[in-house]
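Chemist: Mind having a look at this structure? Questions to follow.
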Amino acid sequence: MKVTTGQLFIVSAPSGAGKTSLVNALLETLSGIEVSVSHTTRAPRVGEQTGIDYNFIDQEGFQQLIDQKGFLEHATVFGNSYGTSKALVEERLAQGVDVILEIDWQGAQQVRKIMKNCCSIFILPPSKQVLDERLRNRGQDSEEVISKRMRTAVDEMMHYSEYDFLVVNDDFKVALNELEAVVQSQRLVMQRGKQAYSTLINQLLN
């Protein structure tokens, strides 16, 4: 059977909406799908491994990739640069693997200009109150940081309409089922189906 080209998925959400937990659960549920490993100029933290957590690179090498248009998207956050390798993503897609990019709305805008057939999903919290509670329950941030994250979250959520699908993470299992349904629906799109079942279709029609 012919290898079907993989589908590129963009998943975005404000901090505290549960994006990473949902994506990790999705990876345990479905096969043939993975999260793209980003490049970064920041130093590895204890226990982090290159190629698994990030592809660690120096600033000079990062800039070379920018100059060579080697990133689908890239950004600088708190003095460290992060980017998604175009070559690595295209290689995995060509091998028939579905790839997820966990990026913000700005990165999503960059990717859409290059990868026209990507599928984008935005994850919303059920309310501002729940989002605030989730951020506080982490027990990691000061009141000032939480307030800043809430303001940033509102700015991010204003871009929800730029996405193809919307998932509200109120009940985790329901949200996971909806996320899985989006992925499965893209696997059944006619263009991909014709690729995957070309031999069967020829046999049925001849």
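Chemist: Going through 88, 131 one at a time, which residue ends up being crowded, with 16+ Cβ neighbours inside 10 Å, within 17 Å of residue 36 (Cα to Cα) and not polar (S, T, N, Q)?
Modeler: When all the criteria are applied, what remains is 88.
Chemist: Within region 150-174, can you find the residues that are surrounded by 13 or more Cβ atoms within 10 Å (Cβ to Cβ) and among the β-branched types (Val, Ile, Thr)?
Modeler: Matches in region 150-174: 152, 167, 168.
Chemist: Considering region 110-148 alone, what residues qualify as being in contact with a Ser or Thr (Cβ under 8 Å, 6 or more places away or on another chain) and not in a helix (DSSP H, G or I)?
Modeler: Listed by number, the residues that qualify are 120, 121, 122, 123.
Chemist: Being closer than 19 Å to residue 101 by Cα, assigned to a helix (DSSP H, G or I) and of a type outside the set (A, V, I, L, M) is the filter here, so list the residues in region 149-169 that pass it.
Modeler: If the condition is that a residue be closer than 19 Å to residue 101 by Cα, assigned to a helix (DSSP H, G or I) and of a type outside the set (A, V, I, L, M), then 156, 160, 161, 162 are the ones that fit.
Chemist: A follow-up question, please. Of the conditions (1) surrounded by 13 or more Cβ atoms within 10 Å (Cβ to Cβ); (2) within 23 Å of residue 186 (Cβ to Cβ); (3) at pLDDT 95 or above, residue 96 fails just one. Which one is it?
Modeler: Of everything listed in (1) surrounded by 13 or more Cβ atoms within 10 Å (Cβ to Cβ); (2) within 23 Å of residue 186 (Cβ to Cβ); (3) at pLDDT 95 or above, residue 96 misses just condition (3).
Chemist: Looking at region 190-206, which of its residues are assigned to a helix (DSSP H, G or I), surrounded by fewer than 10 Cβ atoms within 10 Å (Cβ to Cβ) and at pLDDT 85 or above?
Modeler: Scanning region 190-206 gives 202, 203, 204, 205.
Matching residues to (1) under 22 Å from residue 6 (Cα atoms); (2) in contact (Cβ under 8 Å) with a residue 40 or more places away in the chain; (3) hydrophobic (A, V, I, L, M, F, W, C):
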{"site": "37", "(1), (2), (3)": "yes, yes, yes"}
{"site": "41", "(1), (2), (3)": "no, yes, no"}
{"site": "56", "(1), (2), (3)": "no, no, yes"}
{"site": "60", "(1), (2), (3)": "no, no, no"}
{"site": "65", "(1), (2), (3)": "no, no, yes"}
{"site": "70", "(1), (2), (3)": "yes, no, no"}
{"site": "83", "(1), (2), (3)": "yes, yes, no"}
{"site": "90", "(1), (2), (3)": "yes, no, no"}
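Chemist: Please verify whether region 158-181 includes one or more residues that are of a type outside the set (A, V, I, L, M), at pLDDT below 95 and out of contact with any helix residue (DSSP H, G or I) (no Cβ under 7 Å at 6 or more places or on another chain).
Modeler: no
Chemist: What is the one condition in (1) surrounded by 13 or more Cβ atoms within 10 Å (Cβ to Cβ); (2) part of a loop (DSSP other than H, G, I, E, B) that residue 62 does not satisfy?
Modeler: Evaluating residue 62 over (1) surrounded by 13 or more Cβ atoms within 10 Å (Cβ to Cβ); (2) part of a loop (DSSP other than H, G, I, E, B) leaves (2) as the failure.
Chemist: Something else now. Residues of region 1-53 being in a loop (DSSP other than H, G, I, E, B), touching a helix residue (DSSP H, G or I) at 6+ places or on another chain (Cβ under 9 Å) and exposed (fewer than 14 other Cβ atoms within 10 Å of the Cβ), which ones?
Modeler: Residues satisfying the conditions are 1, 2, 3, 32.
Chemist: Based on what the data block shows, is residue 23 modelled with pLDDT of 95 or more and under 27 Å from residue 162 (Cα atoms)?
Modeler: Criteria met by residue 23.
The values are calculated or read from the model by the stated rules, or taken from the named source; none is laboratory data. These numbers were taken from a predicted model, which means no experiment stands behind them. We place every Cβ from the backbone using ideal geometry, glycine too, and count neighbours over all the protein chains shown.
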